[in-house]
Amino acid sequence: MRLDYMSDLSKKNIYDFSRETLKNLLITDGFKAFNAQQIFSWLYQKNEPNVESWTNISKNLRSYIQESFSFELPTVIWDGQSKDGTRKFLIKFSDSKTVETVLIPAKNRLTICISSQVGCAIGCTFCHTGTMGLTRHLRPSEVTGQYIVLSEWLKNIEPDSRITNIVYMGQGEPLHNFDNMKEATEIFLDDYGLGLGQRRITLSTSGMVPQIKKLNDFPPVNIAISLHAAHDDIRSELMPINKVYDLNRLLSAIKEIPLKAHRWVTFEYLLIKNLNDRIEDIDALVDLLPPKISKVNLIPFNEYPESNFKKPSHSHILWFHNELNKRGIITTIRTTKGTDILAACGQLKSEYEKLNLWN
Ligand code: SF4
């Protein structure tokens, strides 16, 4: 696990550890393996960080935990709601750095869009976050913490709502922060942790080929690839990472992703007017995508202040969608949500000083 920032170097944050890592730590310090399970139950199932109330745990272990660990979670410092019900939150960490997290309601579903880094190093030219550069990786506790604090927040605002799905599509490139995202994902999936199903979590990557090749060492969640173009020159214009890992290298790595039966790789495709929305783009997509495992999710471009790109017309988006489906590629159009509060894909950027403009 990579800890890029610790507010109190004398104490480890207990939320940074998967049950397996915590178990190893406890055994090294003379405690029992099953103590990790007990601690997880208190933290994640009973949501009780007050160690004094952990009645089934020995006094000796309780003292060790209090001396060794902090229990720090991020805080919500601002929230805004779109006309369509999408909510955007500004989440603050102990070093005062912030990220944005989004809750997206849909029929029978409430999806949390989680950030993985403060800023992002990838610099996609269509993305608001990409203009920030990378400040630092998020720790596991800061990743799961977005889910934990917003679940608590919801209890007060909408007691009947529950977060059902997680997408790693907020600020940052999750595979650039591989070890911490892996640890956080293990906590999300652990039955003694946050207890989410594998199919409820989707990791989205810009196409970091060496890390894609390491996905057999990552919990088996859904994978989404930000493709956005089927020609190298256009993709390099949109995503500088393509100059290092071009489409050929990317697709070779994708074919090696360990997929469970009936699992798909979703290719996210940002539709931009007069750039990647032509008939030759459809031809190239059909040639490029591995059959049987590929789904395409079209995302009409979300314009934001200073963006250079435009969204195609509604009729053109439908034409593109129909053509791909006709040619045997399962294609959906993502409903754009939260554009009025800059909460849609590619629009996230923590600008605390500008928040009053969005209220
Ligand atoms: S689209 Fe994702 S990977 Fe690209 S700059 Fe934005 S946050 Fe980073």
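For the peptides 143-152, 63-72, what is the packing order when you average, over each peptide's residues, the other Cβ atoms within 10 Å and list the highest mean first?
143-152, 63-72
If each residue of separation counts as 0.36 nm, what is the full-extension length gain between K83 and R334 once their alpha-carbon separation is subtracted?
Here the answer is 88.6 nm.
Counting only other residues whose beta carbon sits under 9 Å from that of L227, what net charge do I get with K and R as +1, D and E as -1?
0
Let me test this: with uniform point scatterers at the alpha carbons of the range 12-70, what is the Debye-based log₁₀ I(q)/I(0) at q = 0.28 1/Å?
The computed values of log10 I(q)/I(0) come out as -1.51.
Which value in Å is the Kirkwood Rh of the range 59-135 over different Cα pairs?
With all distinct Cα pairs of the range 59-135 included, I get 15.2 Å.
Once the other residues with Cβ under 15 Å from the Cβ of I157 are scored (Lys, Arg +1; Asp, Glu -1), what is the net sum?
That works out to 0.
Once the dipole of the range 75-358 is set up with Lys and Arg at +1 and Asp and Glu at -1 on Cβ about the Cα centre, which of A106, Q211, A230 lies farthest towards its positive end?
Of the listed residues, the answer is A106.
If each of S68 and D283 carries a label point 7 Å out from its Cα toward its Cβ, how far apart are those two points in nm?
6.3 nm
Order 212-218, 187-193 from most to least packed using the mean count of other Cβ atoms within 10 Å.
Most protected by this proxy first, the peptides run 187-193, 212-218.
Compute the Cα gyration tensor for the range 246-290, then decide on rounded, prolate or oblate, letting a ≥ b ≥ c be the square roots of its eigenvalues: rounded whenever a/c is under 1.5, prolate when a/b is larger than b/c in the other cases, and oblate in all that remain.
prolate
Nearest 500 deg cm²/dmol is fine: what mean residue ellipticity at 222 nm does the chain get from its DSSP H runs of n ≥ 4 alone, each adding -39,500 (n - 2.57), divided by its residue count?
After summing the helix terms and dividing by residue count, I get -8500 deg cm²/dmol.
What distance in nm separates the two pseudo spin-label positions at D246 and E306, each 7 Å out from Cα along the beta-carbon direction?
Going by the 7 Å Cα→Cβ label model, 3.2 nm.
Which FRET efficiency, nearest 0.05, do E152 and Q198 yield, Cβ-Cβ r, R0 30 Å?
The value I calculate is 0.80.
How tilted is helix 59-68 with respect to the longest principal axis of the chain? Cα atoms for both, answer in degrees (0 to 90, nearest 10).
The angle comes out at about 50 degrees.
Provide the net charge surrounding T144, with neighbours chosen by a C-beta distance below 13 Å and charges set as Lys +1, Arg +1, Asp -1, Glu -1.
Neighbourhood net charge equals -4.
Once R0 is set to 41 Å, what does the formula 1/(1 + (r/R0)^6) return for the Cβ-Cβ distance between D232 and R109, expressed as a FRET efficiency to the nearest 0.05?
Efficiency, from the Cβ-Cβ distance: 0.70.
Please report, largest first and rounded to whole Å, the three semi-axes of the ellipsoid equivalent to the chain, where each semi-axis is the square root of five times an eigenvalue of the C-alpha gyration tensor.
Computed over the chain, the values are 37, 22, 18 Å.
Using every pair of alpha-carbon atoms in the range 169-256, split the distances into 10 Å bins beginning at 0 and state the percent of pairs per bin, rounded to integers.
Whole-percent P(r) values from 0 Å outward: 17, 46, 27, 9, 1.
Taking 0.36 nm per residue of sequence separation and subtracting the Cα-Cα distance, how much length would be gained by fully extending the chain between K326 and I293, in nm to one decimal?
Extra length from K326 to I293 when fully extended: 10.2 nm.
What does the highest-first list of 242-248, 202-208 look like by mean Cβ count within 10 Å?
Sorting 242-248, 202-208 by mean packing, highest first, produces 202-208, 242-248.
Express the accessible area of the range 12-70 per residue in Å², computed with a 1.4 Å probe while the remaining protein chains stay in the model.
Using a 1.4 Å probe on heavy atoms only, each residue of the range 12-70 averages 49 Å².
The values are calculated or read from the model by the stated rules, or taken from the named source; none is laboratory data. No experiment lies behind these values; they were computed from the predicted model shown. Because the Cβ atoms are built from the backbone with ideal geometry, glycine has one as well, and the counts that use them run over all protein chains shown. Heavy atoms of the whole protein, side chains included, go into the accessibility calculation; ligands, DNA and RNA do not. Shrake-Rupley method; radii C 1.70, N 1.55, O 1.52, S 1.80 Å.
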